There are 2 protein chains.
Amino acid sequence: MSGTLYGVGVGPGDPELLTLKAVRVLQTAQVIAYLAPNGGDSIARAIAAPHIPAGRTEIAMTTPMVADSREPAANIYDHFAIEFAVHLNQGRDVAVLCQGDPFFYGSFMYFFARLAPDHGVEIVPGVSSLGAATAAAHLPIASRNDVLIVIPATLEEDDLARRLGGCDAAMIVKVGRHLGKVKRVLEISDLLSGAIYASRVGWPDQRIAPLADIAEEDGPYFSNILVRRRGGKA
Amino acid sequence: MSGTLYGVGVGPGDPELLTLKAVRVLQTAQVIAYLAPNGGDSIARAIAAPHIPAGRTEIAMTTPMVADSREPAANIYDHFAIEFAVHLNQGRDVAVLCQGDPFFYGSFMYFFARLAPDHGVEIVPGVSSLGAATAAAHLPIASRNDVLIVIPATLEEDDLARRLGGCDAAMIVKVGRHLGKVKRVLEISDLLSGAIYASRVGWPDQRIAPLADIAEEDGPYFSNILVRRRGGKA
């Protein structure tokens with residue numbers, strides 16, 4: 001009897017945004033795993049902490065990040081996929097904690113790709129950074145026939161501008177050190193007024209402010225910018 | 001002491017996808033409201049039912065829908081916003097149940113626009129149809145530097161094709177009677193292979209299947225199509 005691999009979305013920060021399903025899986029899975037970048041604390045574990053029973057087998061994937069991409073090297077996924085498979089083959093369920101939603105710019109997909117062919121996998125969707133940021137910012141991002149685009153801030157300046165051109169609303173993700181560039185692009189595209197900067201949503205140091213008021217050129221990696229075109233149908 | 005208006009995301013269907021915060025608000029709000037289109041049952045209430053205490057004041061917004069748009073007429077929002085304001089002014093919290101996430105193509109924005117200027121409002125984000133559908137379909141929709149676009153199926157055929165052109169991944173929402181059209185566009189755009197049809201996610205009659213295998217020209221209003229470009233970086 002093989003175990004099940006769970007990708008468990010725990011939401012972006014507020015522990016109250018865990019779903020009932022995530023709580024149930026955390027209370028029953030024999031093994032709980034999470035990335036702990038650069039040997040620091042795991043963000044996902046901090047969110048889920050109130051629901052992790054004492055004495056559970058935990059796998060902290062402490063790993064150096066590849067410079068800039070904020071992703072661990074691929075061999076880290078190979079290594080831990082093998083460790084998970086040992087547990088699964090012995091009938092133990094393994095729950096991998098995922099900040100936000102597992103399949104919305106999450107790294108769980110790398111474990112999914114390695115283990116889904118041979119093991120039972122269940123994805124527990126979570127509140128995404130899109131939902132949490134628009135809620136915190138009081139910004140109804142998309143409605144009716146709006147086209148909404150999600151764009152990583154890592155794109156080149158002209159590519160960003162081109163993609164923002166045709167949409168009614170946008171969330172720019174992974175802003176981090178690209179903050180200054182994104183701000184310039186939005187200003188040129190006449191979208192700066194009304195754009196909202198959201199960082200650390202759901203944490204005590206949450207920051208929600210008009211992008212035009214943000215002076216820095218640099219933000220946390222997990223900061224987002226929300227854009228709604230004026231004169232939209234809202 | 002004025003009450004608070006809550007927009008409470010209850011997820012797309014599975015009652016286990018309610019968040020702990022949604023459950024708390026349902027257990028404490030004195031008034032619980034929901035749309036009940038065409039006098040039928042409310043989908044959002046059905047999802048939240050296990051957590052609505054007996055004897056709570058409920059406002060079922062039974063209302064005819066405007067043909068095709070599946071939205072009630074604007075005067076319905078005016079009417080119920082006034083009813084909510086009476087409760088809020090008397091210090092009672094009003095929780096409006098929202099299928100999915102309140103600000104992701106939800107109608108809560110119409111109450112938000114009318115009541116936020118004069119009342120305290122809190123948005124409780126929920127698992128969106130995007131998260132639930134990609135989880136159920138086992139499709140990691142976006143990762144790394146992917147551009148993800150959310151497009152209503154109501155757009156014209158050439159507009160749909162143009163917007164699908166530049167993205168790595170897409171969710172087409174509100175498919176309903178546009179199913180045949182969307183399928184044609186995806187076929188022309190060389191995106192049909194790999195596209196996944198998802199309807200009634202989280203309900204007993206959930207359907208997840210390759211779009212190429214769907215023979216009908218018509219689907220339920222709340223059906224979605226998930227697209228990932230082959231040769232992407234996943």
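The values are calculated or read from the model by the stated rules, or taken from the named source; none is laboratory data. Given the structure is predicted, the values throughout are model-derived calculations rather than measurements. Glycine also receives a Cβ, built like all others from the backbone with ideal geometry; neighbour counts cover every protein chain displayed. The protein model used for the area step is the full one, side chains on, heavy atoms only, and it has no ligands, DNA or RNA in it. Shrake-Rupley method; radii C 1.70, N 1.55, O 1.52, S 1.80 Å.
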Quiz item: Going through region A:1-24 one residue at a time, which ones are over 16 Å from the mean Cα position of the chain (by Cα) and either more than 10 Å from every other protein chain (Cβ to nearest Cβ) or polar (S, T, N, Q) (or both)?
Solution: A:MET1, A:SER2, A:GLY3, A:THR4, A:LEU5, A:TYR6
Practice problem: Filter region B:92-109 for residues that are open to solvent by 30 Å² or more (accessible area, probe 1.4 Å), within 12 Å of chain A (Cβ to nearest Cβ) and not polar (S, T, N, Q) and give the result. | Solution: B:TYR105
Quiz item: What residue, among those in region B:151-163 that are in contact with a strand residue (DSSP E or B) (Cβ under 8 Å, 6 or more places away or on another chain) and facing another protein chain (nearest Cβ under 7 Å), is nearest to B:LEU191 (Cα to Cα)?
Solution: B:ARG163
Practice problem: Output the number of residues of region B:95-120 satisfying the condition of being assigned to a helix (DSSP H, G or I) and not charged (D, E, K, R). | Solution: 7
Quiz item: Looking at region A:159-186, which of its residues are open to solvent by 40 Å² or more (accessible area, probe 1.4 Å) and modelled with pLDDT of 95 or more?
Solution: A:LYS183, A:ARG184
Self-check item: Condition broken by B:ALA74, with the remaining ones in (1) modelled with pLDDT under 95; (2) within 30 Å of A:ILE123 (Cα to Cα); (3) small (Gly, Ala, Ser) satisfied
Solution: (2)
Quiz prompt | region A:77-94 - residue that is assigned to a loop (DSSP other than H, G, I, E, B), farther than 20 Å from A:GLY126 by Cβ and not polar (S, T, N, Q) and, of those, farthest from the chain's Cα centre (by Cα) | solution = A:GLY91
Practice problem: State whether one or more residues within region A:134-150 are closer than 30 Å to A:ILE76 by Cβ and more than 8 Å from chain B (Cβ to nearest Cβ). | Solution: no
Quiz item: Restricting attention to region A:43-59, does a residue exist that is among the hydrophobic types (A, V, I, L, M, F, W, C), in contact with a Gly (Cβ under 9 Å, 6 or more places away or on another chain), modelled with pLDDT under 95 and surrounded by 17 or more Cβ atoms within 10 Å (Cβ to Cβ)?
Solution: yes
Self-check item: Single condition A:TYR221 does not satisfy, out of (1) at pLDDT below 95; (2) over 30 Å from A:ALA48 (Cβ atoms); (3) open to solvent by less than 60 Å² (accessible area, probe 1.4 Å); (4) of a type outside the set (A, V, I, L, M, F, W, C)
Solution: (2)
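For (1) away from chain B (no Cβ under 14 Å); (2) in contact (Cβ under 8 Å) with a residue 40 or more places away in the chain, each residue gets a yes or a no:
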position: A:LEU186; (1), (2): yes, yes
position: A:ASP205; (1), (2): yes, no
position: A:PRO220; (1), (2): yes, yes
position: A:LEU226; (1), (2): no, yes
position: A:ARG229; (1), (2): yes, yes
Quiz item: In region B:196-219, what count of residues is obtained for those that are among the acidic types (Asp, Glu) and out of contact with any Lys or Arg (no Cβ under 9 Å at 6 or more places or on another chain)?
Solution: 3
Quiz item: Which of the helices (runs of 4 or more DSSP H) contained wholly in region A:121-234 include at least 3 residues that are among the charged types (D, E, K, R)?
Solution: A:157-165, A:179-188
